[in-house]
1. The conditions are (1) under 29 Å from SER49 (Cβ atoms); (2) at pLDDT below 95, and GLY294 fails exactly one of them. Which is it?
2. Looking only at residues that are without any contact (Cβ under 8 Å) to a residue 40 or more places away in the chain and within 23 Å of the chain's Cα centre (by Cα) in the range 145-170, which one is least open to solvent (accessible area, probe 1.4 Å)?
3. Within the range 333-340, identify whether any single residue is in the same structural domain as VAL377 (by TED's automatic domain parsing) and outside any loop (DSSP other than H, G, I, E, B), and answer yes or no.
4. Out of the range 80-109, which residues are away from the ligand (no atom under 14 Å from the Cβ), in a helix (DSSP H, G or I) and open to solvent by 50 Å² or more (accessible area, probe 1.4 Å)?
5. Just checking, does the range 328-335 include any residue being in contact with a Lys or Arg (Cβ under 9 Å, 6 or more places away or on another chain) and either modelled with pLDDT of 95 or more or away from the ligand (no atom under 16 Å from the Cβ) (or both)?
6. Assuming SER340 fulfils every condition listed in (1) within 16 Å of the ligand (Cβ to nearest atom); (2) within 30 Å of ASP9 (Cβ to Cβ); (3) modelled with pLDDT of 95 or more apart from one, which condition is it?
7. Could you list, in sequence order, the residues of the range 139-183 that are over 18 Å from ALA92 (Cβ atoms), β-branched (Val, Ile, Thr) and within 16 Å of the ligand (Cβ to nearest atom)?
8. I'd like the full set of residues that are surrounded by 24 or more Cβ atoms within 10 Å (Cβ to Cβ) and within 21 Å of THR311 (Cβ to Cβ), limited to the range 378-399.
Amino acid sequence: MLDPTSSDDVFVVHGGAPLRGTVRLSGAKNSALKLMAAAILCDGELRLSEIPAIADVPVMVDVLRGLGLEVDLDLDAGTCVIDASEEPDWHAPADAVSRIRASLSVLGPLVGRTRRARLALPGGDKIGARAIDMHLRGLEAMGATVWQRDDEVEVHADELHGALLTLDFPSVGATENLLLAAVLADGETVIENAAREPEIQDLCRMLVAMGAVMDGIGSPTLSIEGVDRLAPTEWVTCPDRIEAGTYAMAAALTGGDVVIERVRSTDLTLPLIKLRAAGVVVEEGADSLRVKGGDLDAVDVVTLPYPGFPTDLQPQLMVLLSQAEGTSRCTENVFESRFSFVDELRRMGADIEIDGHHALIRGPSQLHGATLTGLDVRAGAAGTLAGLVATGTTIIRDVHHVDRGYAAWVPRLQELGADVQRVPASELGPVPGPGDA
Ligand code: UD1
């Protein structure tokens, strides 16, 4: 079930309770949205399951319907059936596209299927400049002409041919867009320095099930031999490793004992190494994890593209490190503005020093409740975690960000024993102001 998504709601968190129980993960946000975009390439019906009940999914449905695709979404069942038998429109609807970053991933499939695309420049988290130069340079190398205006991009490719594409950086979005364009291009495309996140592997494997020809899935060099058409298929979205990591840290932080179901621990190798190094007990089952918290020790962490430590777990990790004994160092290498959450954490009493993209965290600090605002999807979750170990009341505003990435965040935390409520801001009494205890 989707949480109610009024952007006026707030989370009210009272800390102290150790989390206990079982939580089952949703399908991965960053896979589901791309699998949905890939439906544009499918000459027929794509049937997806384990689609997460998050707010970005209906927005992506609006984007696809705006392109003329038939979409049947059942968020309660976690299914989405998308029919692209008719050739899609090439002009994506600006209002929906500008609401989520992932809508950029319709660019590659549109160019692949219709040989042209016009797209408003997308929205999403404000965690850095989030340029799209690699996406556009790659399409140009494949024979496309690109026009970039202030608020939109237009691409025409009368001939779309394979090419050798060497990325400056293993960008998730650029790798996905280019491989999605390449599957219906003429000839062979090789993407060097490709991103290899588990969600990209999920996308590649689904495309192969649809008839795409690819080599090097999960490696930094991806070769794609273009085919004429992609056939309908059924696909189960991979589990959300970021959601897994978030609940694991929540369990560890609160000194709890939580079983996380439908996990692929191989997607979480480095986060689990770091949790164990911090003194957290992690038991791995066939497709589950049991995480037990206790005394936490400082660890050093560097965010990098997969298989490096995910930037999407960095804010949650900062909360954990604020409770660890000793000095931890955290380096953020993926998004330049991703330390903005640190100011909020400092207001709650964390001892964190920032120098460029390096952070020094001295712990443990007793956190105290505060009102947190303007957070992105991961920082909103991290703020909730901070509230779970703080004294007093923590209020999280702008919770629509959390709705974009976490299915049933508040009900699931409540089931684990957390004292968290979601209430309309208008029902809130006097709350702690910035820095108030
Ligand atoms: C995706 C994920 C996001 C995750 C991120 C990194 C989705 C919807 N979002 O975002 O949750 O945090 O991967 O794992 O899947 N860059 C350029 N030029 C480009 C493309 C990227 O300079 O053409 C830069 C970006 O500004 C950023 C870095 O590369 O600093 C990483 O971006 P990228 O890997 O593309 O992330 P997204 O696909 O935006």
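The values are calculated or read from the model by the stated rules, or taken from the named source; none is laboratory data. In this text the structure is predicted, and so the values were computed from the model without any measurement. For neighbour counting, all protein chains shown are included, and Cβ atoms are generated from backbone atoms with ideal geometry for every residue, glycine included. Just the protein is used for accessible areas: all its heavy atoms, side chains included, with ligands, DNA and RNA removed. Shrake-Rupley method; radii C 1.70, N 1.55, O 1.52, S 1.80 Å.
1. (1)
2. Residue satisfying both the conditions and the ranking: LEU167.
3. Here is the first cut: in the range 333-340, the ones in the same structural domain as VAL377 (by TED's automatic domain parsing) are 333-340.
Remaining after also requiring outside any loop (DSSP other than H, G, I, E, B): 340.
For the range 333-340, residues in the same structural domain as VAL377 (by TED's automatic domain parsing) and outside any loop (DSSP other than H, G, I, E, B): present.
4. Initially, the range 80-109 is screened for residues away from the ligand (no atom under 14 Å from the Cβ), giving 80-96, 98, 109.
Remaining after also requiring in a helix (DSSP H, G or I): 94-96, 109.
ALA94, ASP95 - these are the residues of the range 80-109 that are away from the ligand (no atom under 14 Å from the Cβ), in a helix (DSSP H, G or I) and open to solvent by 50 Å² or more (accessible area, probe 1.4 Å).
5. Residues of the range 328-335 that are in contact with a Lys or Arg (Cβ under 9 Å, 6 or more places away or on another chain), as a first pass: 328, 332, 335.
Checking the rest, the ones that are also either modelled with pLDDT of 95 or more or away from the ligand (no atom under 16 Å from the Cβ) (or both) come to 328, 332.
Within the range 328-335, one or more residues are in contact with a Lys or Arg (Cβ under 9 Å, 6 or more places away or on another chain) and either modelled with pLDDT of 95 or more or away from the ligand (no atom under 16 Å from the Cβ) (or both).
6. Against the list (1) within 16 Å of the ligand (Cβ to nearest atom); (2) within 30 Å of ASP9 (Cβ to Cβ); (3) modelled with pLDDT of 95 or more, SER340 comes up short only on (3).
7. THR166, VAL172, THR175, listed by residue number.
8. ARG378, ALA379, GLY380, ALA381, ALA382, GLY383, THR384, LEU385, ALA386, ILE396
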